[in-house]
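Colleague: Pasting in a structure now, in structure tokens, and then I'll have a few things to ask.
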Amino acid sequence: MRLELDTISQFALFSFCLLATISSVEANETWVKGILTSPDWASYPCKDYIITVACAATPDNANTASLPRIVNIGDTIEYTNKEGKVQRFRVEAISFYVFSKDVIEKNTVVARKGETNCFLFDSSKAYRSQNQLSSIVVKGCWPLR
């Protein structure tokens, strides 16, 4: 069980650092219509309050269930959150990143040159700004052609 928690903690650190540095020149972003997924993924939901939006800084998915092998815009993904509730996430936008160099945060390598990541968003607003939107991060994904 300890190994599983360490893996989740490492993925949380990776995702948090990735979100903080993704806007820099360290990755090339492409918008795609579909991807091949991997077992490494995490959900980061946002809640809309009257005057603000609060987004999770740690993964919300509690189960280790795999994503569907292929995910396209318009698909709905179901997962169980940390509270044991089934969540539905409708994919409205997908961004694909290839890292052009190693990304190191606090003496920890969070991404290697050539690695890929995809961000699935629940709103088409992501094409304008990715801030304050729920997302699913998939490490090691690949775009469909």
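Colleague: How about Lys106: which lysines have a C-alpha closer than 27 Å to its C-alpha, ignoring those fewer than 8 places off in the same chain?
Modeller: Candidates past the 8-residue exclusion: Lys139.
Colleague: Tell me which lysines have Cα within less than 18 Å of Lys47's Cα, excluding those fewer than 8 residues away on the same chain?
Modeller: Answer for Lys47, where 18 Å is the Cα cut-off: Lys82, Lys85, Lys125, listed by chain and number.
Colleague: Continuing with this model, one more query. Compute the label zone of Lys33 within region 93-132: residues whose backbone N is under 16 Å from the point 7 Å along Cα-to-Cβ.
Modeller: Under cut-off, by backbone N: 93-96.
Colleague: Hey, another quick one. Could you calculate the FRET efficiency of Arg90 with Arg112 from 1/(1 + (r/R0)^6), where r is the beta carbon distance between them and R0 is 22 Å, rounded to 0.05?
Modeller: Here the calculated transfer efficiency is 0.10.
Colleague: Beta carbons within 10 angstrom, averaged per residue: use that to sort the peptides 90-100, 122-132, highest first. Could you put the intermediate results ahead of the total?
Modeller: Details: 90-100: 18.5, 122-132: 14.1.
Most protected by this proxy first, the peptides run 90-100, 122-132.
Colleague: Roughly speaking, what is the stretch gain from Asn131 to Tyr49, that is 0.36 nm per residue apart minus the C-alpha to C-alpha distance, in nm to one decimal?
Modeller: 28.0 nm
Readers should treat all values here as calculations from the given coordinates under stated rules, not as data from a laboratory. Since the structure is predicted, the reported quantities are computational estimates derived from the model, not experimental observations. Cβ sites come from the backbone with ideal geometry, for glycine too, and all protein chains shown count toward neighbours.
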